[in-house]
Amino acid sequence: MRRSFSLITVSLVLLVAGLLLLPALFAQDTDQTEGSSPQQWEYRVLPIPAARGDEAEQATRVEGKFNELGSEGWEFAQIHLRVAVFKRLKD
């Protein structure tokens with residue numbers, strides 16, 4: 001029962017985070033001028049593991065990985081099914 005509750009809690013937290021970020025996904029890029037080439041993006045997909053053990057420990061591990069990717073220039077884009085999608089401008 002506790003495992004089901006933990007999985008549901010983690011899923012709900014990730015769902016809410018994804019929903020809060022949806023408007024940013026559909027925002028228009030106003031920095032681009034006419035005739036310029038579109039921005040090039042690269043993507044990184046991170047599987048979201050099933051909740052195992054302590055809920056706080058699981059959240060700390062996910063937060064650590066998200067912070068690591070953020071320090072490498074990756075921006076969280078969305079959650080799709082059981083994966084988190086990150087993006088950054090291509091060099």
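Could you check the simple spin-label distance between Arg44 and Leu81, using points 7 Å along Cα→Cβ, in nm with one decimal?
For Arg44 paired with Leu81, the spin-label model returns 2.1 nm.
What is the local net charge at Gly73, summed over the other residues whose Cβ is closer than 12 Å to its Cβ (Lys, Arg +1; Asp, Glu -1)?
Net charge around Gly73: -1.
Between Ala59 and Ser71, what is the label-to-label distance in nm when each label sits 7 Å out along the Cα-to-Cβ direction?
2.2
Within 14 Å, Cβ to Cβ, of Val83, how many net charges do the neighbouring residues add up to if Lys/Arg are +1 and Asp/Glu are -1? Write out the running numbers ahead of the final one.
Numbers: positive: Arg44, Lys65, Arg82, Lys87; negative: none.
Overall, the nearby charge balance is +4.
Each reported figure results from applying straightforward, stated rules to the coordinates on display, with no laboratory input. Note that this is a predicted model, so its numbers are computed, not measured. Cβ sites come from the backbone with ideal geometry, for glycine too, and all protein chains shown count toward neighbours.
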